[in-house]
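Any read-out appearing in this document is the output of simple, stated calculations on the displayed coordinates, not a laboratory observation. Just so we're clear, the structure is a prediction, and the values are computed from it rather than from any experiment. Don't worry about glycine lacking a Cβ; one is built from the backbone with ideal geometry, like all the others, and counts go over all protein chains shown.
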Amino acid sequence: ELANRMAERVADVVKALMQNGMMVTQNQSIDADTAELIVEEFGHKIVRVSDSDVEQVIDTVEDKDEDLQPRPPVVTVMGHVDHGKTSLLDAIRNAKVVSGEAGGITQHIGAYQVRADSGQLLTFLDTPGHAAFTSMRARGAQVTDIVILVVAADDAVMPQTVEAINHAKAAGVPMIVAINKVDKPDADPQKVRTALLQHEVIVEQMSGEVQDVEVSAKTGLGLDSLLEAIALQAEILELKANPERAAAGAVIEAQLDVGRGPVATVLVQNGTLKQGDIFVVGEQWGKVRALVNDKGERVKEAGPSVPVEVLGLNGTPEAGDVLNVVETEAQAREIAEYREQAAKEKRAAAGAATSLEQLLAKAKEDENVKELPILVKADVQGSAEAIAQAMEKIGNEEVRVRLLHSAVGAITESDIGLAEASGAPVIGFNVRANAPARAAANQKGVEIRYYSVIYDLVDDVKAAASGLLSAEV
Ligand code: GDP
């Protein structure tokens, strides 16, 4: 490939490599520094291999307006544990998928599609909770268009409800509130609406703009209204894609199947994925051998917002990996190898990722970074609020502190996930990180800072923010 691009003979390039002490064959990948050395040796100009090279192979051309068609919304269900996320997903699936569909046996592939009464197709991600949501986002795949926030009417707004709200806000994804368990005698939907006000979620019944629907996953009450609310929200969002182009999508789940080999459920985000297509997905590549839909049926192709199982991978990708169709197997292999190499280098450099200082360095490079995102965990509500207020005062029109999430309790894995997705440090005020969170932070390179005096925290953040400022001018 390198010889080709330089228009030199392969044998000469291999010889040059060997003279430099690299015992390679002609199909072997070499690292960028070595390639650069060789290119210089041959007297050629260097255009450093980069992501932009990869992008040229992948069809990144913007779609023309006239090629765009409406596509179904992709919905994720979030909320506190036991508030009924799984029950709701099951109830919707059972009510809608089975009736009238030939075969009718639903397969769990990580996502499913149902049709609202109005005829609008809706795609539901089958893994509830924000862990999946943020880990996907951290890997660069923003697949969710709408978040359903489930709150149990016999309970109230709980810590994970607040987390879910902040995750949705950080991702800029609109919410619909499903007030669940209204069949229960002690259900008090109004209490939920009022409690949500405190978290700046103002539902329609409180004259706000967030749709709220009373449902019961148990009796099926309100499910149709919920689906219509989603359809309405989708209409407002004007979601569109171009079914006529090479497919791009995101992996929702993947595993190594004993009988079928590596299998990935891919949510197609743009274009149409077809049998026989050659693709790269994360650090893997493959050729579509078969596509299986959420009803367990073999299909020839899958268009925008359709989830399908993809068979024909050379390895198992990870949830959140992006899939792109390319033209040739050689390209697919080359990109996958390039990414594997890049990922290796990144892993090697990990451990020294997001610190306040590095955020500053990044701000210098990137003119658009005018926000300093942070995540705060504190020992008591009073401190959490005091910190939130102090943070809001820092900064001016040009730069400001963006509080992604502030809550009471130890720093958890979920906090690390959110911080990683937004490139933020985690501040622990009189609280520590638990062991899984520490491990996750190490692995993902998320910085955790501990404070016990609000002043110290404010000083550090101020310094970081003013650094961000001076980097701008
Ligand atoms: P998740 O943790 O949010 O996924 O919650 P689950 O779906 O597992 O539900 C937790 C519990 O609440 C289960 O025992 C469900 O049977 C029950 N549950 C869920 N939805 C309803 C509902 O609408 N009404 C009643 N009465 N119980 C419900």
Report summary line: One finds, for VAL453 and ASP82 with R0 = 45 angstrom and r their Cβ-Cβ distance, a FRET efficiency to the nearest 0.05 of 0.75
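About its Cα centre, what dipole magnitude does segment 229-328 give when the only charges are +1 on Lys and Arg Cβ and -1 on Asp and Glu Cβ, stated in debye to the nearest 20?
Using only the charged Cβ atoms, the result is roughly 320 debye.
So if each residue of separation counts as 0.36 nm, and I subtract the Cα-Cα distance between GLN341 and ARG9, what length gain in nm does that give? Display every interim value, and only then the final one.
Values: separation 332, 0.36 × 332 = 119.52 nm, distance 2.50 nm.
Extra length available between GLN341 and ARG9 comes to 117.0 nm.
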Report summary line: A student asked for the Cα radius of gyration and Dmax of the chain in angstrom ought to give 24.8, 82
Query - Integer Hz, Karplus 6.51/-1.76/1.60 couplings in order for segment 63-69, x for Gly and Pro - result: 6, 7, 3, 6, 8, 7, 10
Query raised in the report: Quick one: Cα convex hull volume of segment 149-245, Å³ per residue?
Result: 117 Å³
Report task. Extending each Cα 7 Å along its Cβ direction at SER207 and ALA463, get the distance between those two points in nm, one decimal. Result -> 4.6 nm
Report summary line: Answer in debye to the nearest 20: the dipole magnitude of segment 88-230 about its Cα centre, from +1 Lys/Arg and -1 Asp/Glu charges placed on Cβ, is 420 debye
Query raised in the report: So which DSSP H runs in the chain come out at 15 Å plus along the axis (Cα) with average Kyte-Doolittle of at least -1.0?
Result: 85-96, 159-171, 223-237, 381-393, 454-472
Report summary line: Between the residues ALA424, LEU68, GLY220, the Cα farthest towards the positive end of the dipole of the chain, that dipole coming from +1 and -1 charges on the beta-carbon of Lys, Arg, Asp and Glu, is from GLY220
Query raised in the report: What is the packing order of peptides 128-137, 14-23, taking the mean over residues of other C-beta atoms within 10 Å and listing the highest first?
Result: 128-137, 14-23
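Assign unit charges at the C-beta atoms only (+1 for Lys and Arg, -1 for Asp and Glu), then state the dipole size of the chain relative to its Cα centre in Debye, rounded to the nearest 20. Don't skip to the end; give the middle numbers.
On the way: 45 positive and 73 negative charges, 184 e Å.
It works out to roughly 880 debye.
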Query - Rg/Rh ratio calculated on Cα atoms of segment 196-330 (Kirkwood radius) - result: 1.11
